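First up is the structure itself, then whatever we jot down about it.
The values are calculated or read from the model by the stated rules, or taken from the named source; none is laboratory data. Source: prediction; values computed, not measured. Methodologically, a virtual Cβ is constructed for each residue, glycine included, from the backbone with ideal geometry; neighbour enumeration extends over all protein chains shown.
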Amino acid sequence: MKRLILFAAACSIIANAYSQNITGKIVDEQNVPLSYANVVLLSLPDSAFVSGTISGENGEFSVSKHTEKGSSQCLKISSIGYCTLILDVQKDKVGTIILKEESTMLKGIIVNGERPLVKAEKGALTYDVEAMAEKSTISNAYESITRLPGVMEQNEKLTLMGAGGVTVILNGKPSSMTNEQLMNLLKNTPVSNVKKAEIMYNAPAKYRVRGAVINIELKRQKSEEAFVRGEIGGNFTQGEYARGNGNMNLSFVGKKITADMLYSADYTKIKTAYDFISHHTLNGKLYEVEQYNKGSKRNLTHNIRTSLDYQIAENDNLNMAYTAAITPSIKSLETSRGNLSESLNAKTGNQQMHNFNFDYTSHWGMNVGLDYTCFSYPSVQDFTNKNGNTGQDFLVNSKQRINRWNVYAGQTHTLSNDWSLNYGVNFSFADEKSSQAYSPQDGKDMSGLNSDTDLDERTYNFYGGFEKSLGENLSFSLSVAGEYYKLADYTRWAVYPSMQLSYMPSASHALLFSFSSDKAYPDYWEMQDITSYLNGYAKLVGNPNLRPSTDYTANFTYVLKNKYMFDLYYTHVKDLFAQLAYQSPDELSMIYQSVNYNYEQNFGISVIIPFAVGGFWNSRISLDGSYFKDVCHDYHDISFEKTAWRGLAMMNNTFKLASNPAISLELNGMYVTSSIQGIYDLSSIWKVDTGLKWTSANKKAELRLKVNDVFDSAIPDATVNYKGQHFEMNQHADSRYFSMSFTYKFGGFKSKEHKEVDTSRFGY
C-alpha cells in the first residue's frame, strides 16, 4: 500500500511538472494570421527561458510548459515589423493574440510602421523580400529578384546597375542550371518562401562564384508532427501567340526528413522577327541588301525536381536531389525574303538534361558535395534557299552531348575575437562531344562543312579567406582564389582576389566598399569549328580560339536611413567575348561569330530613392549614368575602339487598392538612352509594365493580371557604320504580352529549395 501511495505521489509530481502545452493563435490588426512569429515561454520573476517555438502558417502555436505547479510564467511574442507583446499566462489556452505594427525601430530610426528596405550586413545589402511582396504584385521568387533596387531584366537576363551581369545563388550555394532552367525554378517558387535577398557586388570566394551575386535565402521548416502540403497553379500568356504552363508542388515535412517534388509543363511559342538592311561592298561594288526575317519557335518542356533532405543532427544536413528538364520536341521555322534571296530554315530537335546532386553540411562548418549533369541535344535542320537562278537545298544533322562532374568541399571556422576563417576546393570536369553532318539534296559536295569535335575541359579552384568584425560598426573580409584552367592546348593559372569592407558610423548611415575579380566562360558550341546557315545572307561561324574573360570590379556604396542608396562603380573586363556581325570581304554574306575584345571599361554612378505617399502609394526611383569603352584590335581585318555615355531611369509604383482581400495595382516604367555594344550602336528604348494582384483573405488563393511592355517599345535597334561596315538590324521581338496566373496553396504550403543545374554553356 505504501508503494502504491508513493507511486501515486510521483505521478502527481510528474503531471504537475509536465502539464498541457500552451496554445494560441497570432494575428495582425486585420485578423490575418502571422506565420513565423517567435513565441518564448519565460519563468517569473527571473525571466529564465523555459521553451520556445514559432507560429505556423495559420498563426497557431503550441509551446511546451515545463514548470512546476504554482509557478508563474509569461509569453514573449515578437515578429519583424510588429510590437513585441509580453503576456501573463494563467491558463493553457491563451486564445487569439493580436500584434500591432510598430511605429518605430531601434536606435531612433522612425519608419512609421514601414520595415527597413535594406540593411548593410557583412559586405552585402540585405533586403526584406516579405515586406517588398506586401507592397507589390510579385508572386514568385523570380519576380522578387526583378524588383530589387538596381536589378534590370530584359529577355529574362538579369543585370545589376554598377556590375553588369549577375549570378543568382540559393541559400549561399551556386547553381548548375541554364539561365532558362534557373528562371523556371524561381518562377515556380512562391515568394512566400523567400526569407531575404542579399546583393553582393563582389562575392567572397567561399560562395564558389565570383563577381556580382544575388543570394536568395529560402525559409526552412521542420515539424514535430509530419504533414503534407502543396501548391497548384497555372499561367496563360497571350503575345503574338498563346503560351502557358501548369505546375504542381508537393512537400512532406517531418521532424528529421523533408521531401519535395515539383512538376511543371511549360508550353512556349514565341515570335522571331527582324529586318536586316546591309550596304555591302564586295570587290569594289556596292550591294544594297534588304532581308526581312520572321518566324516562330515552339516547344513543350517537362520539368521534374525531387529532393530529400535528412537532418542527421542539429545543423547536420544531408541533401539529395534529382532535376530533369525534358523537351521532346523543339520546332523552329524562319523565313527570309528580300532582294537577295528567299530562304526557309526549319529545325527540329529534342533536348534532355538530367542532374544528380549530393550535398552534406556539418555543424562544425564543413560543406561537401558531388554534382553530375548529363545534357544531350540532337537536331535536324532543313534549309532551302533561292538566289536568282542558283539555290541551296540540304539537311544538317547536329548533335551535342555533355557530361560534367563537379566536386566541392569547403570549411568555415569561427574563431575568437570575431574572426572567421574559410577555405575550400572546387574541381570541375567536363567532356563535350558535338558534330555536324551536311546532306545536300541537290547533289553538291558539302563535306568540307562537316565537323566532329571533342572538348575536354578541366577547372581546378582553390580558395581561402577570412572575415573580421571590429566592434559593432566595422567589418571586413578578404579572400583569394587560385584557378588552373585547361581546354585542349590552352592552359592558364590565375589568381582572383576579393575584398569587402562595411562601416556603419550610425544607424542612419552605412558605407560599403568592395573589390573583386571574376572569370566567365563561353558556350561550348561557340568554340566549335562549325558553320551553320541562318538564311540566304547570314551564317554562324564558330571560333575555336575563343577564350574565357576576366573582369575586375570596384564598388563604393552609401546607404542613408536604410533606404536611399548611392553607388560609384568601375569595371574592367579583359578578353570580353561577344557575338558580333561582320560583312564578309570574300562573299556576299553576313558572318556572325563570337570574338574576344581586348577589353571593356565601364564606370558610373547610380542612385536609388524610395518614397511613400500615405498608406496607398509606394514608389522607387532608380537613376544610373555610366561611361562605356569597348576596344578590340583583332576583329577580323579591322579593329574598333568605341565609347559612349548611357543614362537609365526607372520608376516602380505600387498602389494599395484594398486590404481584405488584398488588391494592389503596379505601374512601372523604364527609359534607357542610346548606347554601344562592341561595334554596334544601340538605339534608346523605353518600357511601361502594369499589373493587378488579388489575394484572398486567408492568403491561400492568388490571381494576377499583367501587361508587359504595354507600348511594345523595349527592344533596341542596332546599327553599324564603321570602317567599311554599314548595316542595321531592326528587331520585332515578342515583348508585349498579357498574362494571367492563378495559384492555390493547401496544407500550409511553402516551397523548398532544390539544387539547380548550370547548363548556361550548353546548347546551340
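Given the criteria in contact (Cβ under 8 Å) with a residue 24 or more places away in the chain and β-branched (Val, Ile, Thr), does THR453 qualify? Considered against the rule, which asks whether it is in contact (Cβ under 8 Å) with a residue 24 or more places away in the chain and β-branched (Val, Ile, Thr), THR453 comes out as yes. When ILE591 is tested against (1) hydrophobic (A, V, I, L, M, F, W, C); (2) closer than 28 Å to GLN291 by Cβ; (3) at pLDDT below 95, exactly one condition is not met: (3).
This table checks each residue for (1) of a type in the set (A, V, I, L, M); (2) at pLDDT below 65; (3) surrounded by 23 or more Cβ atoms within 10 Å (Cβ to Cβ); (4) in a strand (DSSP E or B).
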site	(1), (2), (3), (4)
THR96	no, no, no, yes
ARG115	no, yes, no, no
ALA131	yes, no, no, no
GLU143	no, no, no, no
GLY162	no, yes, yes, no
MET183	yes, no, no, no
LYS196	no, no, no, yes
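Let's see how each residue does on (1) surrounded by 13 or more Cβ atoms within 10 Å (Cβ to Cβ); (2) in contact with a strand residue (DSSP E or B) (Cβ under 7 Å, 6 or more places away or on another chain); (3) more than 24 Å from PRO544 (Cβ to Cβ):
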| site | (1), (2), (3) |
| --- | --- |
| ILE402 | yes, yes, no |
| GLY410 | yes, yes, yes |
| LEU415 | no, yes, yes |
| LYS433 | yes, yes, no |
| PRO440 | yes, yes, yes |
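Criterion first (without any contact (Cβ under 8 Å) to a residue 12 or more places away in the chain and more than 27 Å from THR550 (Cβ to Cβ)) does PHE616 satisfy it? It is false that PHE616 is without any contact (Cβ under 8 Å) to a residue 12 or more places away in the chain and more than 27 Å from THR550 (Cβ to Cβ).
If I ask for residues that are modelled with pLDDT of 75 or more, surrounded by 12 or more Cβ atoms within 10 Å (Cβ to Cβ) and charged (D, E, K, R), which ones from region 1-57 would you list? Correct list: LYS25, ASP28. Quick one: would you say ILE232 is surrounded by fewer than 17 Cβ atoms within 10 Å (Cβ to Cβ), modelled with pLDDT of 85 or more and within 27 Å of the chain's Cα centre (by Cα)? So ILE232 fits the description; yes. Checked against (1) of a type outside the set (Phe, Trp, Tyr); (2) in contact with a Phe, Trp or Tyr (Cβ under 7 Å, 6 or more places away or on another chain); (3) assigned to a strand (DSSP E or B); (4) more than 25 Å from SER675 (Cα to Cα), ALA612 meets all criteria but (2). The residues on offer are ASN422, ASN406, and the sole one that is more than 24 Å from GLU526 (Cα to Cα) and buried (at least 17 other Cβ atoms within 10 Å of the Cβ) is ASN422.
State all residues of region 489-505 that are over 22 Å from ALA203 (Cβ atoms) and touching a residue at least 40 places away in the same chain (Cβ under 8 Å); if no residue qualifies, say none. The one that is over 22 Å from ALA203 (Cβ atoms) and touching a residue at least 40 places away in the same chain (Cβ under 8 Å): TYR490. On the given criteria, is LYS386 touching a Pro at 6+ places or on another chain (Cβ under 6 Å) and surrounded by fewer than 18 Cβ atoms within 10 Å (Cβ to Cβ)? Spelling it out, it is not the case that LYS386 is touching a Pro at 6+ places or on another chain (Cβ under 6 Å) and surrounded by fewer than 18 Cβ atoms within 10 Å (Cβ to Cβ). Tally time: how many residues in region 368-417 are in contact with a helix residue (DSSP H, G or I) (Cβ under 9 Å, 6 or more places away or on another chain) and without any contact (Cβ under 8 Å) to a residue 40 or more places away in the chain? Qualifying residue count for the region: 0. In the set SER362, SER341, only one residue is over 20 Å from ALA437 (Cβ atoms) and touching an Asp or Glu at 6+ places or on another chain (Cβ under 7 Å); that residue is SER362.
Report yes if some residue within region 723-742 is modelled with pLDDT of 95 or more, touching a His at 6+ places or on another chain (Cβ under 6 Å) and assigned by TED's automatic domain parsing to the domain that holds ARG404; otherwise report no. Scanning region 723-742 turns up at least one residue that is modelled with pLDDT of 95 or more, touching a His at 6+ places or on another chain (Cβ under 6 Å) and assigned by TED's automatic domain parsing to the domain that holds ARG404. Report yes if some residue within region 527-549 is of a type in the set (D, E, K, R) and farther than 19 Å from HIS572 by Cα; otherwise report no. Yes; the residues of region 527-549 include at least one that is of a type in the set (D, E, K, R) and farther than 19 Å from HIS572 by Cα. Of all the numbered requirements in (1) surrounded by 19 or more Cβ atoms within 10 Å (Cβ to Cβ); (2) without any contact (Cβ under 8 Å) to a residue 60 or more places away in the chain, GLU314 misses one, and that requirement is (1).
As for region 592-601, it holds no residue that is surrounded by fewer than 21 Cβ atoms within 10 Å (Cβ to Cβ), in contact (Cβ under 8 Å) with a residue 24 or more places away in the chain and under 23 Å from the mean Cα position of the chain (by Cα).
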